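Bear in mind that the values in this text are calculations on the coordinates, not laboratory data. Note that the coordinates shown come from a computational prediction; the quantities given were computed from them, not determined experimentally. Neighbour counts are summed over all protein chains in view; Cβ atoms, including those assigned to glycine, are modelled from backbone coordinates with ideal geometry.
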Amino acid sequence: MSRCAASARRTSCSPRISSCSKAPRCWDFRARPAASSNERPSGRLTAATRTCTSGARPRHRSSVHVTEPRIAEPLEAAVDVDKAIGEHYGRPGLEESILAALAAAGRDPERIRPEDIADIDELHVGGATTVRQLAHDVGLTSHARILDIGSGLGGPARQYAREFGAIVDGIDVTPRFVTTAASLTRRSGITAGVTFTLGSALDLPYEDAVFDAATMIHVGMNIEDKSTLFRSVARVLKPGARFAIFDFMVVGDGKVEYPLPWADTVDTSFLATPDDYLSLLGDAGFAIDKQESRQQAASEGPVSRASSGNEGPPPVLGLQLVLGENVATRMANISAARARGVLAPIEIVSHIERPA
């Protein structure tokens, strides 16, 4: 099967998808060098959750701590996709809207229980059941340090800490996700062991070989340069550490209609086949342990309920708070792609043999 690109800077979009025939614009996600040791790379908004000294990568701190984002050097076209993704997910007033919805639903915004925000906390099919399965698949144990790539509102990170006693680092490119995740975590009573950082998965701001495991849930669809992504993950994992991916992948011929939950247009959607993932993981030094279609998971969790086509107004604490009022259209399009056998939620588990 041919791929859209064979170079290190790949367009991870299968040519079998009709919408890809429009030659989607290619953007370079690679981060630019930081202006100083305290600045995050790439000139994007940054949240100073850690401090770098002498140019070293920041060390882990077991706390929920996110300061106000600060602006580094001006953005250039090379990071326009990151900016677009941040705008797609990071709607103005996101945290305030969630807290107001909690109050309107008769729940205490200062004492949040997992079930209070279950319908917005898990921006992936399968909900908490999927997160629990991924944790088991990477062998997560108490006090193990796990990296959650594309941590969103922090649902999986909180679950790893709450159910498994893990030490969790979440990283996301969306500023409002990072600050909202930290707020929801604190309001959930988790005051240690979970940290959220604003940054790029293509240049992870961590030292080499520090994580016992990593997960990436519904994130790869927004990342074009999966080669650099997987090499970045390989660098920060300890030898033998497992990496679980759960993404929508291309499994058949057909057309994909937009908008989708992760993208308004093909310009920020970089779908790939399972073979693409397997090949790039191997190139990055990973050995594959498991590949599984999780179609059953697509019928579970808040994303699946939003896809059910039920008429009537959305719930007060619904996905429209995060994905906008056209959430029903987004979910209908992904359901149609699944039904036609074009896309499927696929889990891939691998372990690091040798960093590339």
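Residues Asp169, Asp108, Asp275 in ascending order of nearby Cβ atoms (within 10 Å, fewest first): Asp108, Asp275, Asp169.
The simple spin-label model puts a point 7 Å past each Cα toward its Cβ; for Ala287 and Ala105 those points are separated by 4.4 nm. A Förster distance of 45 Å, applied to the separation of the beta-carbon atoms of Glu96 and Thr129, puts the FRET efficiency at 0.90.
Going by how many other Cβ atoms sit within 10 Å of their own, how do His124, His351, His136 line up, fewest first? Working shown, then result.
Details: His124 27, His351 18, His136 11.
Fewest to most other Cβ atoms nearby, the residues stand as His136, His351, His124.
Counting neighbouring beta carbons within 10 Å and listing from fewest to most, the residues Ile245, Ile288 come out as Ile288, Ile245.
What does the net charge come to around Asn333 if you take all other residues with beta carbon closer than 13 Å to its beta carbon, with K and R at +1 and D and E at -1? Display every interim value, and only then the final one.
Values: positive: Lys255, Arg330, Arg338, Arg340; negative: Glu257, Asp264.
Net charge around Asn333: +2.
Here the Karplus curve 6.51 cos²θ - 1.76 cosθ + 1.60, taken at θ = phi - 60°, turns the phi angles of segment 150-155 into couplings of x, 6, x, 7, x, x Hz, with x standing for Gly and Pro.
Distance from the C-alpha centroid of segment 112-168 to that of segment 266-292: 22 Å, rounded to the whole angstrom. Taking every DSSP bridge with both residues inside segment 121-267, close to 5 percent are antiparallel.
Scanning residues 5 or more positions from Thr197 or on other chains, those with amide H under 5 Å from its amide H are Gly170, Ile171, Asp172, with H placed 1.01 Å from N in the peptide plane. Coupling constants for segment 194-200 follow from the phi torsions by the Karplus curve (6.51 cos²θ - 1.76 cosθ + 1.60, θ = phi - 60°), and in residue order they are 10, 10, 10, 10, 8, x, 9 Hz; glycine and proline get x. Averaging the sequence gap over all C-alpha pairs within less than 8 Å and six or more residues apart, then dividing by the number of residues, gives segment 111-263 a relative contact order of 23 percent.
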